[in-house]
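The values are calculated or read from the model by the stated rules, or taken from the named source; none is laboratory data. The model shown is predicted, which means the values in this text are computed figures rather than measured ones. Cβ atoms come from the backbone with ideal geometry, glycine included; neighbour counts cover every protein chain shown. Surface areas here come from the heavy atoms of the whole protein model, side chains and all, with no ligands, DNA or RNA. Shrake-Rupley method; radii C 1.70, N 1.55, O 1.52, S 1.80 Å.
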Amino acid sequence: MSSGAGPSRGAGGGWTRRRFVGALAGAAAITTVPAPAAPPADPAVTTPLPKAPPAGPSASATPSAPASPAPRSGPRPLFLGTYTSGDGAGKGIGLATYDAETGAVGGGGVVTGVDNPSFLAVHPDGRTLYAVDEQNAGAVTAVRLPGTEVLGSRSTGGAGPCHVSVHPGGRWLLSANYASGSVAVHPIDASGAPGERTDLVTHSSPAPGPGQQGPHAHQFITSPDGGHLLAVDLGTDTVYTYRLDENRGTLTEVSRAGTKPGAGPRHLTFHPGGRYAYLANEVDNTVTVCGYDPATGRLTVGEPQSTGTGSGTSYPAELLVTSNGSYAFLANRGHNSLTRYAIEADGARLRLLDTVPVGGDFPRHIAFSPDGRLLFAANQRSSTVTVFQVDDESGELGRVGDPFASPVAVCALPL
């Protein structure tokens with residue numbers, strides 16, 4: 001049975017399948033595994049936030065640390081995703097600030113008018129924030145930055161959207177509908193607002209994996225080379241590769257990569273070199289190194305390896321890779337820890353180093369600050385955000401201060 005199987009109710013006050021995972025899960029040796037060889041390449045608002053400088057063009061291509069450091073003086077914006085229904089729920093997109101030198105988080109406020117904004121992304125120009133509305137009638141919502149004006153929402157055409165990203169060119173918004181197993185594309189207009197959906201693809205095959213009742217699209221991102229889109233589907237144990245027609249906003253499937261049956265792939269992160277990627281498998285508690293061919297978009301999935309969390313269920317969630325390509329970090333929700341890996345052989349190998357207590361309960365999402373020196377963990381069940389200093393040389397993590405309280409913290413996005 002998948003880690004989140006459970007009841008779901010309608011929009012506005014019910015438990016989605018993904019929320020049920022967080023409610024049920026409790027706190028519950030050095031290994032090196034090579035990747036497959038990479039295929040050969042062919043030729044209503046309070047507390048206004050300080051303005052963030054425009055993000056680099058790769059900000060939405062991969063969730064790993066950006067290569068271009070941001071200014072480190074003065075308070076910087078921190079946006080917090082949450083759920084707006086259920087016990088202890090938030091009121092909308094949380095607002096805070098952080099000190100880029102010390103990692104101290106403060107302030108507070110909220111952008112209201114967005115239901116269940118559980119995942120957030122920023123436009124490459126830094127002027128628009130996007131949130132999913134994770135409910136049965138799924139939608140994506142845009143918020144103007146540095147102000148907090150809600151620009152509008154558009155239907156994703158599916159239920160339970162759980163991930164949103166922006167194509168590096170800044171003209172297309174990509175979202176994944178978890179409950180209905182589909183991915184959607186929206187145009188982005190000059191104001192930053194999403195337009196009417198231009199495509200919707202449901203993952204109708206292969207058949208669902210063991211314990212799954214259907215497809216569950218969990219992530220939809222652009223490859224580092226910008227030539228392909230990759231959709232990770234937990235329900236079908238498959239990563240789908242698409243080409244995007246950048247004139248019409250339509251998708252063409254070009255490749256599929258299957259994991260081991262029942263792995264439950266959740267989140268994919270690329271190495272900066274662009275030839276390897278790392279896949280977190282939620283259901284069987286593993287990670288895999290994948291080879292990637294930029295010419296064809298083909299992903300080759302390697303053998304599963306340990307998260308270092310023992311035999312219990314740890315629900316691996318999010319993977320990050322440092323901008324220098326030397327270290328990877330994995331959030332383990334059931335184990336309440338972060339696994340640290342050394343990256344070797346130009347990205348082809350992960351070597352497990354250790355696990356570090358996250359200082360909260362059920363770390364759903366982790367993210368680097370723009371300069372990569374800080375790591376933020378959003379802890380869903382403890383309603384907190386913890387901050388770590390990241391040592392550039394050793395990849396060691398050092399906790400910074402006390403956890404910051406934020407209702408049902410499921411996403412932390414520092415700018």
Taking the range 262-277 and keeping residues more than 15 Å from HIS218 (Cα to Cα) and surrounded by 17 or more Cβ atoms within 10 Å (Cβ to Cβ) leaves PHE270, HIS271, PRO272, GLY274, ARG275, TYR276, ALA277
Identify all residues within the range 196-236 that are open to solvent by 30 Å² or more (accessible area, probe 1.4 Å), among the charged types (D, E, K, R) and in contact with a Pro (Cβ under 8 Å, 6 or more places away or on another chain); write none if there are none. GLU196, ASP225
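What's the total number of residues in the range 243-254 that are closer than 18 Å to ILE221 by Cβ, open to solvent by 20 Å² or more (accessible area, probe 1.4 Å) and either assigned to a strand (DSSP E or B) or not charged (D, E, K, R) (or both)? Quick ask: steps written out before the conclusion?
Here is the first cut: in the range 243-254, the residues closer than 18 Å to ILE221 by Cβ are 243-246, 249-254.
After this cut, where a residue has to be open to solvent by 20 Å² or more (accessible area, probe 1.4 Å) as well, the list is 243-246, 250-254.
Checking the rest, the ones that are also either assigned to a strand (DSSP E or B) or not charged (D, E, K, R) (or both) come to 243-245, 250-254.
Qualifying residue count, the range 243-254: 8.
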What's the number of the condition ASP346 fails, among (1) within 24 Å of PHE388 (Cα to Cα); (2) surrounded by fewer than 24 Cβ atoms within 10 Å (Cβ to Cβ); (3) among the acidic types (Asp, Glu)? (1)
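Looking at THR386, is it in a strand (DSSP E or B), of a type in the set (Ser, Thr, Tyr) and surrounded by 24 or more Cβ atoms within 10 Å (Cβ to Cβ)? Walk me through how you get there before you give the answer.
On the way: in a strand (DSSP E or B): yes; of a type in the set (Ser, Thr, Tyr): yes; surrounded by 24 or more Cβ atoms within 10 Å (Cβ to Cβ): yes.
Spelling it out, THR386 is indeed in a strand (DSSP E or B), of a type in the set (Ser, Thr, Tyr) and surrounded by 24 or more Cβ atoms within 10 Å (Cβ to Cβ).
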Report, by residue number, each residue of the range 136-151 that is open to solvent by 20 Å² or more (accessible area, probe 1.4 Å) and either closer than 23 Å to THR269 by Cα or not hydrophobic (A, V, I, L, M, F, W, C) (or both). ASN136, ARG144, PRO146, GLY147, THR148, GLU149
Being assigned to a loop (DSSP other than H, G, I, E, B), out of contact with any Phe, Trp or Tyr (no Cβ under 6 Å at 6 or more places or on another chain), of a type in the set (Gly, Ala, Ser) and modelled with pLDDT of 95 or more: is that true of ALA263 here? yes
So, in the range 212-229, of the ones that are under 13 Å from VAL201 (Cβ atoms) and assigned to a strand (DSSP E or B), which residue ends up farthest from the chain's Cα centre (by Cα)? LEU229
Every residue from the range 191-211 that is within 22 Å of the chain's Cα centre (by Cα) and among the acidic types (Asp, Glu): ASP199
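Does ALA328 fit the bill of being under 12 Å from PRO403 (Cβ atoms), modelled with pLDDT of 95 or more, under 16 Å from the mean Cα position of the chain (by Cα) and crowded, with 24+ Cβ neighbours inside 10 Å?
On the way: under 12 Å from PRO403 (Cβ atoms): no; modelled with pLDDT of 95 or more: yes; under 16 Å from the mean Cα position of the chain (by Cα): yes; crowded, with 24+ Cβ neighbours inside 10 Å: yes.
No: the conditions fail for ALA328.
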When HIS218 is run through (1) in contact with a Cys (Cβ under 7 Å, 6 or more places away or on another chain); (2) over 19 Å from VAL301 (Cα atoms), the failure sits at (2)
